[in-house]
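The values are calculated or read from the model by the stated rules, or taken from the named source; none is laboratory data. Every value quoted in this text rests on a predicted model; they were computed, and no experiment measured them. Heads up, the Cβs are rebuilt from the backbone with ideal geometry, glycines too, and the neighbour counts pull from every protein chain shown. Areas reflect the complete protein model, heavy atoms only, side chains present, ligands, DNA and RNA absent. Shrake-Rupley method; radii C 1.70, N 1.55, O 1.52, S 1.80 Å.
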Amino acid sequence: MCGIVGYTGKQAAVPILLNGLERLEYRGYDSAGVAVVSPEKGLQIEKCKGRLQVLRDKLAALPPLTGSTGLGHTRWATHGEPNDVNSHPHVSQNGQVAVVHNGIIENYVEIKEFLLHKGVAFRSDTDSEVVAQLLEYTFNNCADIMDAVYQVLDRLEGAYALGILCVDAPDTLIAARKDAPLLLGYGDGESFIASDATAIIAHTRDVAYMEDGEVAVLTADGIRVYDEYRRPIEKEHHLIEWDVSAAEKGGYAHFMFKEIMEQPEALRRTISPRLRDGEIVFDELSLTDEDLRRFDRLYIVACGSSYHVGMVGKYDLERFLRMPVEVCLASEFRYSEPLVDDRSLVIVISQSGETLDSLAALRKAKSLGGYILSIVNVVGSSIARESDSVLYTWAGPEIAVATTKAYSTQLALLTMLGLYMARRLGRADSAEYAAVTAELALLPEKLQTVLASADAYQYLASLYFNRDCVFFIGRNLDYALGLEGSLKLKEISYIHSESYAAGELKHGTISLIEQGTLVVALATYGPLFDKAVSNIVEVKARGAEVVALTTDSLRDRMEKIATHTLSVPDTHPALQPNLGVVPLQLFAYYIALQRGCDIDKPKNLAKSVTVE
Ligand code: F6R
């Protein structure tokens, strides 16, 4: 949600900023802009509404912006419509400072009124511009820019990752962070800031994650970091484990397709190190036996697809652990009165580790005494840092807005966690434990065979891409799986779709089924196959066309009933959604492709939702 990249060094800043923005565009793509500063030319800024390419074209037609210190921004609009003026960077009235911002300044109205009274003229409708204007106003009344930065930060309420340029310090970049991600990159004679590592991985893998309240001063010679009281601090450095190729399309038409295809490898990386001689091992977990015995309730808190992982997890974990599991939308949880206490284990699931609602829910649960265990993909992210224990999914960078490989790895890890806890608590059925762990090891291979049937999903997509409404139905794990299938379809193809517990249909929704309605019936959960068949017969009797997804062993039976049948290899029922989700991802992908949609960057969406 908004991407920031900043550079200071010896090279021309603009090409580095544009390449960084290209990798950050998935975070927002309403508009883009760059600012550079140089002793000769002061601040130079270009920004415009639209995709990054529009900015590139604009810059190509102009004399080059010269300077070796600069900032870039790609926007996902919150305050003020996407247009040229509301794009970042924002410049102060007299052109002394330029600012890029990710987050929301909650008290911007009050600050704006104060500055208007002082005669400051505003250009945009954004909350972000107040930061630039207040900085210049404060700077004019104090000794140096850092004094001004600290005074301004003191006045801001809300969330921010900020990049700041000042004409008086043309070789310096200033960065600040509160509740929005920002990392520092250490290069050889150059320094960087970025919303995430993909933007700078081509230049350095040596990074540090900024914490709330910190301010960083970057020059070509290095980076100094200060805490909220302006005391210098030493940052812990991290080495990014993946390289630039992981953040590139590598010959695929879309990141989403590439990431779907990467799932076997992502699962292998996530599962294998934690599976030793048939035992699930979590070296990274600091949970003691006493902690485990203390828990009498488990919460899973997340948003979107990560929440859907929790929905699948509820079925598995309650069965493994014989413990109540509540799955909560983070945006609801944070404003509710959850019964969390020190006997609660709260599992927060997040690919980005920066989703603001999930972070706020985590903090709430923590304040109530809950033990926070997070399942996160982005190393060093806020949710990871604020948790008591973290299990990382090793999915690699996920660039497409619609999640695929992160979902798969989260799901595998959550199932493993449930089984692991059950084993430690002495509640695991040893035959089932052995069966699930054996199947876990086979999951990447089986998933590969699902991917090999991509043509079948493409064919079905060619039959149904022009529908304007689709229903997903399923029971138990298949119901939870349908939620994700439906979300994938609607977010990238813009087809309205609903997911229903199949048994609920006749309580109202079946009235929407008519001649030709497309129903995607999920029947991969063996124990309830016959029930699923009854529901398929019901919708067919009302004219529905049914695309059914089942397992290879049940395929023959399904073919007699459904209009079209797809199947995935059989595995343990607890893991079946891990295979079942892939045809749904590819079905959505191919439908969106047929409809000519912008698959990696669906309208109105952005990855890493760092605003409420
Ligand atoms: C859908 C999707 C979103 C995310 C949600 C949570 O394809 O990607 O629904 O799952 O925004 O994001 P994270 O997992 O980063 O907290």
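Against the definition (open to solvent by 20 Å² or more (accessible area, probe 1.4 Å), closer than 25 Å to Ile599 by Cβ and within 27 Å of the chain's Cα centre (by Cα)), how does Met256 come out, yes or no? No.
Scanning segment 320-359 for residues that are open to solvent by 60 Å² or more (accessible area, probe 1.4 Å) and either within 16 Å of the ligand (Cβ to nearest atom) or free of Cβ contacts under 8 Å to residues at least 12 places away in the same chain (or both) yields Leu329, Glu332, Tyr335, Glu337. Residues that are more than 23 Å from Lys603 (Cα to Cα), free of Cβ contacts under 8 Å to residues at least 40 places away in the same chain and assigned to a loop (DSSP other than H, G, I, E, B) within segment 30-64 comprise Glu40, Lys41, Ala61, Leu62, Pro63, listed in sequence order. The condition of being closer than 16 Å to Pro577 by Cα, touching a strand residue (DSSP E or B) at 6+ places or on another chain (Cβ under 9 Å) and surrounded by fewer than 24 Cβ atoms within 10 Å (Cβ to Cβ) holds for only one of Arg423, Arg475, Arg467, Arg385, that being Arg475.
For segment 406-414, check the following and say yes or no: at least one residue is farther than 25 Å from Phe257 by Cα and either of a type in the set (Gly, Ala, Ser) or within 16 Å of the ligand (Cβ to nearest atom) (or both).
No: zero hits.
Looking only at segment 253-272, which residues are more than 16 Å from the ligand (Cβ to nearest atom) and within 18 Å of Leu575 (Cβ to Cβ)?
Those that are more than 16 Å from the ligand (Cβ to nearest atom) and within 18 Å of Leu575 (Cβ to Cβ): Pro264, Glu265, Leu267, Arg268, Arg269, Ile271, Ser272.
Has segment 217-234 got at least one residue that is in contact with a strand residue (DSSP E or B) (Cβ under 8 Å, 6 or more places away or on another chain), under 27 Å from Val609 (Cβ atoms) and among the polar types (S, T, N, Q)? No, segment 217-234 contains no residue that is in contact with a strand residue (DSSP E or B) (Cβ under 8 Å, 6 or more places away or on another chain), under 27 Å from Val609 (Cβ atoms) and among the polar types (S, T, N, Q). Taking segment 513-568 as the range and being out of contact with any Pro (no Cβ under 9 Å at 6 or more places or on another chain), of a type in the set (Val, Ile, Thr) and in a strand (DSSP E or B) as the test, the residues that pass are Val519, Val520, Val546, Val547, Thr550, Thr565. In this structure, does Val376 turn out to be open to solvent by less than 40 Å² (accessible area, probe 1.4 Å), without any contact (Cβ under 8 Å) to a residue 60 or more places away in the chain and within 25 Å of the chain's Cα centre (by Cα)? Criteria met by Val376.
Conditions tested, residue by residue: (1) of a type in the set (Gly, Ala, Ser); (2) at pLDDT below 95; (3) not in a loop (DSSP other than H, G, I, E, B).
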{"position": "Val152", "(1), (2), (3)": "no, no, yes"}
{"position": "Ile164", "(1), (2), (3)": "no, no, yes"}
{"position": "Asp171", "(1), (2), (3)": "no, no, no"}
{"position": "Ala176", "(1), (2), (3)": "yes, no, yes"}
{"position": "Leu184", "(1), (2), (3)": "no, no, yes"}
{"position": "Gly189", "(1), (2), (3)": "yes, no, no"}
{"position": "Thr198", "(1), (2), (3)": "no, yes, yes"}
{"position": "Ile223", "(1), (2), (3)": "no, no, yes"}
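Listed by first and then second residue, the pairs linking a residue in segment 282-306 that is within 16 Å of the ligand (Cβ to nearest atom) to a residue that is aromatic (Phe, Trp, Tyr) and open to solvent by less than 20 Å² (accessible area, probe 1.4 Å), with Cβ atoms under 7 Å apart and 6 or more places separating them unless they lie on different chains, are Val301/Phe333; Ser305/Tyr407.
Any residue that is basic (Lys, Arg) and within 24 Å of the chain's Cα centre (by Cα) - is there at least one of those in segment 468-476?
no
Of Val225, Val167, Val207, Val152, all but one fail to be assigned by TED's automatic domain parsing to the domain that holds Ala12, in contact with an Asp or Glu (Cβ under 7 Å, 6 or more places away or on another chain) and either β-branched (Val, Ile, Thr) or open to solvent by 60 Å² or more (accessible area, probe 1.4 Å) (or both); the exception is Val225.
Of Ala266, Ala216, Ala246, all but one fail to be at pLDDT 95 or above and outside any strand (DSSP E or B); the exception is Ala266. Each residue in segment 429-456 was checked for being crowded, with 21+ Cβ neighbours inside 10 Å and at pLDDT below 95, and 0 of them qualify. For segment 111-119, the condition of being crowded, with 20+ Cβ neighbours inside 10 Å and either under 26 Å from the mean Cα position of the chain (by Cα) or part of a strand (DSSP E or B) (or both) holds for none of the residues.
Look at Ser68 and say whether it is under 18 Å from Ser128 (Cα atoms) and either of a type in the set (Val, Ile, Thr) or in the same structural domain as Ile164 (by TED's automatic domain parsing) (or both). No, not satisfied. Taken over segment 361-383, the criterion of being out of contact with any Ser or Thr (no Cβ under 6 Å at 6 or more places or on another chain), within 12 Å of the ligand (Cβ to nearest atom) and at pLDDT below 95 is satisfied by Ser381, Ser382.
Looking across segment 502-518, the residues that are touching a Gly at 6+ places or on another chain (Cβ under 8 Å) and open to solvent by less than 30 Å² (accessible area, probe 1.4 Å) come down to Ala502, Ile513, Gly516, Thr517. Give me the residue from segment 503-524 that is at pLDDT 95 or above and not hydroxyl-bearing (Ser, Thr, Tyr) and, out of that set, farthest from Pro573 (Cα to Cα). That would be Leu518.
Candidates in segment 572-612 are the residues that are over 25 Å from Thr270 (Cα atoms) and of a type in the set (Val, Ile, Thr); of these, the one that is surrounded by the fewest Cβ atoms within 10 Å (Cβ to Cβ) is Val611. Scanning segment 450-495 for residues that are more than 15 Å from the ligand (Cβ to nearest atom) and assigned to a helix (DSSP H, G or I) yields a count of 16. Assess whether Val390 counts as being under 30 Å from Glu337 (Cβ atoms), open to solvent by 20 Å² or more (accessible area, probe 1.4 Å) and in the same structural domain as Asp316 (by TED's automatic domain parsing). Yes; evaluated as a whole, the condition is true for this residue.
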